[in-house]
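Structure record follows, encoded as structure tokens.
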Amino acid sequence: MEKKIITGTIEQNLTISPGIQSLKLGGPEIAESLKAFRPGRFVNVYLEDKAMLLPRPLSICRIEKGRLQLVFKVAGEGTAALARRQSGEKLRLSTPLGQGFQIENAKGRAALIGGGVGAAPLVGLAEALHKQGVQTTAVLGFQDQPFLTDLMQEFCHQVLVATDSGAAGFCGDAVELFQKAAVEADCFFACGPRPMLKALAACCADTPLQVSLEERMGCGYGACVGCTVRVWEPAEPGRRVIGLKKVCADGPVFSGQEVVWDEE
Amino acid sequence: MKSEERRPDMRVELCGVPWKNPVTTAAGTFAPRESGQFYDIRRLGAVTTKGVSPRPWEGNPTPRIAETYGGMLNAVGLQNPGVEHYITQELPDLKSLGVTVIANMAGHTVEEYREVAEKLGETEVDMLELNISCPNIRRGGAAFGTDPVLTAQVVRSVRRATAKPLIVKLSPNVTDIGEIARAAEDAGADCLSLINTLLGMRIDPRRRCLTLANGTGGLSGPAVKPVALRMVWQVRQAVQLPIIGMGGIFTGEDAAEFLMAGADAVAVGTAALVKPTAPADILEELEAFMAEQGYRNVRELREALKGGAFAR
């Protein structure tokens, strides 16, 4: 079967910033599953708790030497329980799900814009772009404490940091910094809260922009139609209509121009 | 009970349609391509596809999903691309795999249900399931399934629109499910399926808002299993029709409980969202359970419960 539920062994489970957890998984099934990795894909992690049945869809930060690194925000009881799991314990998860960033045609310069834990999938993306010879600038915004910036430094030409509190770097959000720094690139990639992505889509309408969306999911693989995003779809020439796509199976990465932003 | 373990005969027949085993999917929890990436969907007795309406429906705003203790709430609202899309894009692939297909039908009005039934009646679909029990749409759905007169009216009308075996899916959000079941039987239903989800809700007390954008949603999962089982049991006493039982089936033994309570077949729903391979796994577990307990076929299992017998 193309997709599977597999078991991984926790090799490291670290709090890398208040409320932000990095989970490294290894083992033969993990190593085997990595061939399905593409930056921007995610995995479903199962909690083995009959009170909390639904899988937690977590971003793949990067893969390294047969290991899978997930980075997630502790947002509720389920992710809090995951943050307490110990090294050596087994974890049940899916093989990579969703459609990742499209980078086959990326060349020249790229800009990656991340908000909070949205920085997670941008690490693997920066690494892949780096291998492709693309020169990358990252603009990362955080509430207070930056994280993953060291890893980003390894793969990016330049890493710009903003914090809401002003504790580090530019005082403000990632989009403000992105505009202030007048970052120029041939393509943009972003992951973060929806208002950030919306602001970004508005200020870079002329450049290809790919955004990774978040939505409350049920199954995480396209069966329940719980996570829907409204998108513009071409109709007859010169007309477009609103269609619906599944964030988990058709995304989570979409074209910034495709998403219908103006509904909230 | 100890007996030689041989493979039980899992075949069943519902309304003249042969199934290779009594396990299907519950509508709205199965997508042919996506589910088929995790297991061979041809293993199932039948697949039940997501509700289709005469024209595309947008469904409800997000968030549509909320986790609850031992279950979940959904307020998808029957988002679907419409019956034409289903007939041209989805059904041919399914039929080419040789699976038995149950098409779930949605509508706001009697006329809309009729229209879908007429269109699907001309296709290769094996059975039709009339969804008069969705709690997440404002018009139609459970508005029909919670009233015996309206149930009879829509079932009678759809019955005339198609010759396909007609399953009517019942709502648990009623005082007397036997009364609704009898109304559906008298109006010409060939089979009943139950239960649909139980109407529920959640509030996020910290953010001081409703957890689902729709406010209310349908509760499913292991939390509802005792209610579902009780209702299958009650409907078994009320009507002669075959029953597809569902509601929180997560294991082979859960499925056995429903068959013993009077169901002829079972559907797996929420379990497939929690574990994509669940329908196939549960089938395997049911078969193993039957072999271990010495049942030679599904009929023996269904007849195993002596009237009102208690466990001792």
State all residues of the stretch A:75-91 that are open to solvent by 60 Å² or more (accessible area, probe 1.4 Å) and over 17 Å from the mean Cα position of the chain (by Cα); if no residue qualifies, say none.
A:Glu77, A:Arg84, A:Gln86, A:Ser87, A:Glu89, A:Lys90
Are there any strands (runs of 3 or more DSSP E) wholly within the stretch A:97-177 with 2 or more residues that are under 13 Å from A:Phe189 (Cα atoms), and if so which?
A:109-115, A:135-142
Among (1) among the polar types (S, T, N, Q); (2) within 17 Å of the chain's Cα centre (by Cα); (3) open to solvent by 10 Å² or more (accessible area, probe 1.4 Å); (4) closer than 26 Å to B:Ala142 by Cα, there is one condition B:Asn104 misses while meeting the rest; what is its number?
(3)
Selection count where residues are in contact (Cβ under 8 Å) with a residue 24 or more places away in the chain, buried (at least 24 other Cβ atoms within 10 Å of the Cβ) and in contact with a Leu (Cβ under 9 Å, 6 or more places away or on another chain), scope the stretch A:211-250
9
Selection within the stretch A:42-68 - open to solvent by less than 20 Å² (accessible area, probe 1.4 Å) and away from chain B (no Cβ under 11 Å):
A:Phe42, A:Val43, A:Val45, A:Leu58, A:Ile60, A:Cys61, A:Leu68
Quick one: what pairs do we get from the stretch B:251-272, first residue in a helix (DSSP H, G or I), second among the acidic types (Asp, Glu) and modelled with pLDDT under 95, C-beta under 9 Å, 6+ apart or different chains?
B:Met260/B:Glu303
Matching residues in the stretch A:1-21 - criterion: being more than 28 Å from B:Phe38 (Cα to Cα) and part of a loop (DSSP other than H, G, I, E, B)
A:Pro18, A:Gly19
Out of (1) free of Cβ contacts under 8 Å to residues at least 60 places away in the same chain; (2) within 11 Å of chain B (Cβ to nearest Cβ), the odd one out for A:Phe254 is which?
(2)
Could you please give the count of residues in the stretch B:9-34 that are more than 15 Å from B:Ile167 (Cβ to Cβ) and not in a strand (DSSP E or B)?
10
Of B:Pro61, B:Pro8, B:Pro54, B:Pro81, the only residue that is under 30 Å from A:Glu215 (Cβ atoms) and more than 14 Å from every other protein chain (Cβ to nearest Cβ) is B:Pro54
The number of residues in the stretch A:92-107 that are closer than 30 Å to A:Lys131 by Cα and either open to solvent by less than 70 Å² (accessible area, probe 1.4 Å) or hydroxyl-bearing (Ser, Thr, Tyr) (or both) is 10
Taking first residues from the stretch B:283-308 that are within 15 Å of B:Asp254 (Cα to Cα) and second residues anywhere that are open to solvent by 70 Å² or more (accessible area, probe 1.4 Å) and aromatic (Phe, Trp, Tyr), the pairs with Cβ under 6 Å that are 6 or more apart or on different chains are none
Using the structure shown, decide if B:Ser193 is touching a Gly at 6+ places or on another chain (Cβ under 6 Å) and within 25 Å of B:Ala265 (Cβ to Cβ).
no
Touching a residue at least 40 places away in the same chain (Cβ under 8 Å), among the polar types (S, T, N, Q), within 25 Å of B:Pro165 (Cα to Cα) and away from chain A (no Cβ under 14 Å), is that true of B:Gln234?
yes
Being in a helix (DSSP H, G or I), away from chain A (no Cβ under 14 Å), open to solvent by 20 Å² or more (accessible area, probe 1.4 Å) and acidic (Asp, Glu), is that true of even one residue in the stretch B:168-182?
yes
Examine the stretch B:73-80 for a residue that is surrounded by fewer than 24 Cβ atoms within 10 Å (Cβ to Cβ) and more than 22 Å from B:Phe250 (Cβ to Cβ), and state whether such a residue exists.
yes
Could you go through the stretch B:78-90 and let me know if any residue there is over 21 Å from B:Glu118 (Cα atoms) and not hydroxyl-bearing (Ser, Thr, Tyr).
no
Which residues, counting only those in the stretch B:53-90, are on the phi < 0 side of the Ramachandran plot and either free of Cβ contacts under 8 Å to residues at least 24 places away in the same chain or among the β-branched types (Val, Ile, Thr) (or both)?
B:Glu58, B:Thr62, B:Ile65, B:Glu67, B:Thr68, B:Val76, B:Gln79, B:Val83, B:Ile87, B:Thr88, B:Gln89
Any residue in the stretch A:120-146 that is among the hydroxyl-bearing types (Ser, Thr, Tyr) sitting within a Cβ distance under 9 Å of a residue that is open to solvent by 10 Å² or more (accessible area, probe 1.4 Å) and in a helix (DSSP H, G or I)? List the pairs, counting only those 6 or more apart or interchain.
A:Thr136/A:His130; A:Thr136/A:Phe155
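The values are calculated or read from the model by the stated rules, or taken from the named source; none is laboratory data. Keep in mind the model is a prediction, meaning the values are calculated, not measured. Please note: Cβ atoms are built from the backbone with ideal geometry, for glycine as well, and neighbour counts cover all protein chains shown. Ligands, DNA and RNA are stripped out before the accessible areas are found, and what is left, the full protein with its side chains, is counted by its heavy atoms. Shrake-Rupley method; radii C 1.70, N 1.55, O 1.52, S 1.80 Å.
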